[in-house]
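Report on one structure; see the data block that follows.
The values are calculated or read from the model by the stated rules, or taken from the named source; none is laboratory data. Quantities reported herein were computed from a predicted structural model and do not represent experimental measurements. Note that we place each Cβ from the backbone using ideal geometry, even for glycine, and neighbour counts take in every protein chain shown. These accessible areas exclude ligands, DNA and RNA; they are computed on the full protein's heavy atoms, side chains included. Shrake-Rupley method; radii C 1.70, N 1.55, O 1.52, S 1.80 Å.
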Amino acid sequence: QVQLVESGGGLVQAGGSLRLSCAASGSVFSPNTMRWYRQAPEKQRELVASIGSGGRTVYADFVKGRFTISRDNAKNAMYLQMNSLKPEDTAVYYCNMVQSFQNYWGQGTQVTVSS
């Protein structure tokens, strides 16, 4: 089993920055893929960015150039640096890990961007 805990959410003004963290614990091993998803009120959960064990990254078009995903395999941690935040980035952000065909989720962290 793997446990994921997100942190770093909060309230920020439009144009500001936040850095989200996801700490993984339990039976973590490589390879695995870690992802950030988000879900706004009354909307479906959507993929924000993903990163493989080797560091390959993929971004949703709506965050390209503004968000940066990274990970520290030694610490079993993943990060999301969010810059130039917009009100439409307001959502609960979830950490996700896929490992050996098992899918794990964190509880989410709220990000609110005021205009």
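Does GLU88 qualify as being in a helix (DSSP H, G or I), open to solvent by 70 Å² or more (accessible area, probe 1.4 Å) and not aromatic (Phe, Trp, Tyr)?
Here the answer is yes, as GLU88 does meet what is asked.
Do you know which of the residues in segment 60-80 that are open to solvent by less than 60 Å² (accessible area, probe 1.4 Å) and not hydrophobic (A, V, I, L, M, F, W, C) is nearest to the chain's Cα centre (by Cα)?
TYR79
Among the residues of segment 17-28, count how many are more than 13 Å from TYR104 (Cα to Cα), out of contact with any Phe, Trp or Tyr (no Cβ under 7 Å at 6 or more places or on another chain) and of a type outside the set (Ser, Thr, Tyr).
Here the count works out to 1.
Please determine whether any residue of segment 14-30 is open to solvent by 60 Å² or more (accessible area, probe 1.4 Å), under 15 Å from PRO87 (Cβ atoms) and of a type outside the set (Gly, Ala, Ser).
No: segment 14-30 contains no residue that is open to solvent by 60 Å² or more (accessible area, probe 1.4 Å), under 15 Å from PRO87 (Cβ atoms) and of a type outside the set (Gly, Ala, Ser).
Conditions first: (1) open to solvent by 50 Å² or more (accessible area, probe 1.4 Å); (2) in a loop (DSSP other than H, G, I, E, B); (3) in contact (Cβ under 8 Å) with a residue 12 or more places away in the chain. GLN110 passes all but one, so which condition is the exception?
(2) is the only condition that GLN110 fails.
Return a yes/no flag: does segment 37-48 have any residue that is touching a helix residue (DSSP H, G or I) at 6+ places or on another chain (Cβ under 7 Å) and at negative phi.
yes
Output the residues belonging to segment 33-82 that are farther than 16 Å from GLU6 by Cβ, in a loop (DSSP other than H, G, I, E, B) and of a type in the set (D, E, K, R).
Result: GLU42, LYS43, ARG56, LYS64, ARG66.
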